[in-house]
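Down below is the structure, laid out as structure tokens.
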Amino acid sequence: MIPPGRLDRPVDHETDHVLGPADAEITLVEYGSYACPHCRAANERIAQARDLLGDRVCYAFRHRPLRDNSLALRAAELAELAQTPEAFWCAHIKLMTRSRQLTEDDLLAVAAELGVTAEFAVGDSDSVRRARARVEVDVASSQASGVRFTPTFYINRRRYDGPWDESSLVDAMLGTLGHRVRTAALDFASWGASAGILLVLATVVAVVVTNSPLGPTFDASWRQELSVSLGNAAFRMSILHWVDDGLLTVFFLVVGLEVKREMTVGHLASRRSAALPIASALGGMVVPALLYALVIPAGPWSHGWGVPMATDTAFAIALIAVMGARVPVELRIFLTAAAIVDDIGAIVVVAVFYSGEIHLAYLAAAAAVVVALALLSRSRVYLLSPYILLGVVLWAFVHAGGLHATLAGVVLALFIPTRPPADLAALMTQASTIIASEARHEGEVLRHGPSTPALHALDAIYDRLESPADRLLRHAGARSSYAVLPIFALANAGVKIDPFLFVGHGWLMAAIIAALAIGKPLGIFLAAAAAVRAGIAVKPAEYTWRQLAGAGALAGIGFTMSLFIAGQAFPSTSDFSSAKIAVFAASILSAVVGTTLLLGASRQELIEEAPQSVGTQVS
């Protein structure tokens, strides 16, 4: 399987159309079409970049004719009738540059230069068949490489998604530091397991440092106070509390946005698609809480029943991503949807059972802010800035009111507006008109780029491409996965490995481990089976019951939310440390069991279960 954003095969100087030495340090591959106006515009930029870099770059052109355009396909086949590389490149340049838009006259002129008849495209000679086959090979290569539009460029076998101007192309080909850092970051983020890997690294660092001579200093640094004041009003909390109550609000905001998306246009939008993950998530919350309550002795620890209720989506999805094609996409969708419902349950639990002393005056002020958010949303205000400002105020009032401040993130997410999909054709026409108009003034004196009105208009077009909720989720989601959660793990996962922690905390640790590693998969599996049996839900035929059980076991990886709730439930340092160890142990056990079940599921099981699952769907 070809990794996303990578070229399907390297440049072959025997079969590809190549300009430049075979040992060039830079390889630039273009998938293009002679009828594509953007390819024709980019042709000059490519020539400028090649002139600048000389023999350092090897350029290859591969055909990807515009679909449903007979002129584009005929032009590609015509170029392939060239008998020599020199003839091909001569035909290529003529087809790209002879006129502003590819015409029948261009084909006739190039055909005459190549010495072929104008009826070449309907011919059936060996040369025409070879030309068609050669174009089909390039088209198949474009599909395997994930090309969606023309032109698409690959630099050293990596897709280039930046601007097509000469300066940007050259920066990318030279591999400037900024471009390398951006590319590496995008590559890492596109890897499904990346968020989970970062969490693992942050956890390992926290545990190692805590158990090193630097441990006391590390712990003390998180307890340093940091205050924000305005006149007589001030927020003064330790850095640890700023992370748990402030920074984690971004995570709750992302959860709220994901819930909103899934319930409007996602996998929870219809009853049929939502029934199975909702039922499974409810079972995966209730059974662990009950099992914890059964195991734990009566006393202060009984308040920790919320610890095993939540699933750490980042870890669970990371393990599924590492297993690749062995795990069906439908199972990943199921686990993601169930985890989102799980998050809703965790939010409710935190709000109702793990908040502090209630102050009604501040909560009344928070309610007034919520009304203001609702009015903004109802008035179709699509700027994000007023929502963010009101969100900060809401966070302050919720914190002062005694509820957990992170709940402000969820409430804010509910009022970030969505809007109908944009008319992309109209926006493209508008943007093209603006840019074409600005290009006509490019050479004017004292002109250093597009005019201010043009930039404002292009900004407005960009803003219209996405709804505010989608844009915030795209940006905040990445920051939540790659900054907020690792920082949370650094601040909370550090635990002193001390044998004395096991003394007197055996029942607490046993209850958490049993609830997560046994109660979680058991609750998910039994609830799913009951929902399917009752006809409420349908299990997709793409995965087996064994694979569903494996996903249920992975849901026992509690980590982020389990540590968060444990911090609220166990104010005693020793209790919290023991709970951390139990969460770690249960998460590792759940990961091992889930991975074993998923990797051990055979294709024969899927074949044997398929008729039964299909029958269930039909009924």
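Points to keep in mind about this one:
- Partnerless cysteines in the chain, where a partner means another cysteine C-beta under 4.7 angstrom, comprise C58, C90.
- If you take the Cα centroid of the stretch 364-431 and the Cα centroid of the stretch 545-562, the two points sit 33 Å apart.
- Surrounding net charge for E44, when Lys and Arg each add one and Asp and Glu each subtract one, Cβ distance under 12 Å: 0
- When the alpha carbon gyration tensor of the stretch 1-45 is reduced to an equivalent ellipsoid, its three semi-axes come out at 21, 16, 11 angstrom, largest first.
- Interatomic Cα distance distribution for the stretch 348-401, bins of 10 angstrom, percent: 24, 45, 26, 5
- Residue-count net charge about F235 - beta-carbon cut-off 13 Å; Lys, Arg +1, Asp, Glu -1: -1
- Accessible surface, per residue, of the chain when the full set of protein chains is kept, probe 1.4 Å, Å²: 49
- Averaging 1/r over every pair of different alpha carbons in the stretch 444-541 and inverting the result gives a Kirkwood radius of 20.3 Å.
- Positive minus negative residues near M561 (Lys, Arg vs Asp, Glu; Cβ under 9 Å): -3
- Of interest is the spacing of the C-alpha centroids, which for the stretch 1-68 and the stretch 196-223 amounts to 48 Å.
- Surface share of carbon and sulfur [accessible, 1.4 angstrom probe, percent] for the stretch 230-385: 68
- Within the same chain, lysines fewer than 8 places from K539 are excluded, and of the rest, those with a Cα less than 27 Å from its Cα are K260, K520.
- Percent accessible area from carbon and sulfur atoms, the stretch 42-128, protein chains only, probe 1.4 Å: 50
- Surface composition of the stretch 489-606: carbon plus sulfur atoms hold 71% of the accessible area, using a 1.4 angstrom probe and ignoring ligands, DNA and RNA.
- Amide hydrogen neighbours beyond the local backbone of C58, cut-off 5 Å, H modeled: I26, T27, L28
- Ranked by how many other beta carbons lie within 10 Å on average, peptides 552-565, 134-147 from highest: 552-565, 134-147
- Fully extending the segment from S221 to V393 would add 59.2 nm, taking 0.36 nm per residue of separation and subtracting the current Cα-Cα distance.
- Taking a straight line from the alpha carbon of K496, these aspartates and glutamates sit under 14 Å away, with near neighbours fewer than eight places off in the same chain left out: D219, D575.
- Furthest towards positive pole of dipole, M561, A436, S125, structure part the chain, Cβ charges: M561
- Net lengthening on full extension, T596/R100 (0.36 nm per residue, minus Cα-Cα): 172.5 nm
- Kyte-Doolittle at least 1.0, axis length at least 30 Å by Cα - qualifying DSSP helices, the chain: 271-295, 329-353, 573-600
- Debye equation applied to the C-alpha atoms of the stretch 242-300, log10 I(q)/I(0) at 0.13, 0.18, 0.24, 0.25 Å⁻¹: -0.59, -0.84, -0.91, -0.92
- Cα-centred dipole magnitude for the chain, charges only on beta-carbon of K, R (+1) and D, E (-1), debye, nearest 20: 1340
- All C-alpha to C-alpha distances of the stretch 220-363, sorted into 5 Å bins beginning at zero, yield P(r) values of 2, 8, 12, 16, 17, 15, 12, 9, 5, 3, 1, 0 percent in whole numbers.
The values are calculated or read from the model by the stated rules, or taken from the named source; none is laboratory data. Predicted, not measured: the structure shown is a model, and the values here were computed from it. No Cβ is skipped: glycine too gets one built from the backbone with ideal geometry, and neighbour counts run over all protein chains shown. Remember, those area values only see protein heavy atoms, side chains included, never the ligands or the DNA or RNA. Shrake-Rupley method; radii C 1.70, N 1.55, O 1.52, S 1.80 Å.
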